[in-house]
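Enquirer: The structure's right below; bear with me while I get my questions together.
The values are calculated or read from the model by the stated rules, or taken from the named source; none is laboratory data. Computed from a predicted structure; not experimentally measured. In this analysis, Cβ positions are derived from the backbone assuming ideal geometry, glycine residues included, and neighbour counts consider all displayed protein chains. Only protein heavy atoms, including side chains, enter the accessible area calculation; ligands, DNA and RNA are left aside. Shrake-Rupley method; radii C 1.70, N 1.55, O 1.52, S 1.80 Å.
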Amino acid sequence: MDKVVEAVETAKKEWDEAYSRAKEHIKAIEGYGKHREEQNSNSLPRLNGLAQDALALLSSLQFRLDLLAPQLPTDDQVQSATTLLDSWKNESHNLRQSLRNANLQAKANMRKAAQEERELLLGGGGESTIRRRNLQTKAGMTSAAESITDSLRRTRQLMVQEVERSASTLMTVEESTGVLKKAESEYKGQRSLLMRTRNLLSTMQRQDVLDRVILAVGFFLFSCAVLYVVSKRFGILKLQQKVTAAIKAGMVGQAKIGGGAFTNGINDNAVHRVDVPLDRPMRDEL
């Protein structure tokens, strides 16, 4: 069961008990003064103080229900609690009206009892003297009891006010606790998301470093291959130029030898002619 629903049920039970006590005290006030024994055991201010305490407790229960009603989980429960609160207000108003009527009845009973007591005192005799002494003693005890009762009633009212303040403070603390728990759960969710994001960033950084290393190694190997090809290329060209120059030099020398032989009457066929084409392609080692 929800905590708010439990608190409402507890308030209902306390209301029933306090309502019954208030009705009993009001009934005792209404019958005050009819019987001398009851008048000696319970004074009217004491009974009024007990009734006022019960009414104060009922007011605090109304305040508690007024705070709890909007926090109920369903709309039907909220509507039921609101209706119950209205009925409590009406019952409390009726009790206060009954308390006023009971006090008026108690004063009428006291006047009637005083009139009877006066008639007995004025009657004379030993019985009237004993009754006067008893009345003086009881008057002093009654005044002392009334002062003590007033003091206790004020203390009780202060305690009721402190209880009401503590109840409202407790409700505020519970609401704050709920908000903090919700904030903590949201923070935990955000924290897990941040941890995953941090892991992804670390993985991306490692991959970036690996890509840079691969690119650097590849560029180095490519540069070495280019340098190797260029160096080989320049070496073959130089060799080709040297061979071409040697061939040209040999052909020029043979031409000079052939011209001298013809001049001296030597047969041209006697000299072996080597025909080397100048445009013969050279083979490249690569």
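Enquirer: Whether any residue in the stretch 218-233 is modelled with pLDDT under 65 and open to solvent by 80 Å² or more (accessible area, probe 1.4 Å) is what I want to check. Can you show your working first?
Expert: Residues of the stretch 218-233 modelled with pLDDT under 65: none.
The answer is no; no qualifying residue exists.
Enquirer: Could you give every pair whose Cβ atoms fall below 8 Å, whose first residue belongs to the stretch 170-194 and is assigned by the TED database to the domain that holds F63, and whose second residue is surrounded by 10 or more Cβ atoms within 10 Å (Cβ to Cβ), counting only separations of at least 6 or pairs across chains?
Expert: That search, which allows pairs on different chains as well, returns M171/L67.
Enquirer: A further question follows. Does Y187 meet the test of being at pLDDT below 90, more than 21 Å from the chain's Cα centre (by Cα) and open to solvent by 100 Å² or more (accessible area, probe 1.4 Å)?
Expert: Working: at pLDDT below 90: yes; more than 21 Å from the chain's Cα centre (by Cα): no; open to solvent by 100 Å² or more (accessible area, probe 1.4 Å): yes.
No.
Enquirer: Name the one entry in A102, A113, A106 that is open to solvent by less than 30 Å² (accessible area, probe 1.4 Å) and within 20 Å of A18 (Cβ to Cβ). I'd like the intermediate steps shown before the answer.
Expert: Values: A113 fails: within 20 Å of A18 (Cβ to Cβ); A106 fails: within 20 Å of A18 (Cβ to Cβ).
The conditions single out A102.
Enquirer: Identify, please: which residue in the stretch 30-48 is part of a helix (DSSP H, G or I) and either at pLDDT 85 or above or among the polar types (S, T, N, Q) (or both) and is, among those, least open to solvent (accessible area, probe 1.4 Å)?
Expert: First, the residues of the stretch 30-48 that are part of a helix (DSSP H, G or I): 30, 36-41, 44-48.
Of the ones still in play, those that are also either at pLDDT 85 or above or among the polar types (S, T, N, Q) (or both) are 39-41, 48.
Numbers: Q39: 60, N40: 91, S41: 82, N48: 31 Å².
Checking each candidate, the answer is N48.
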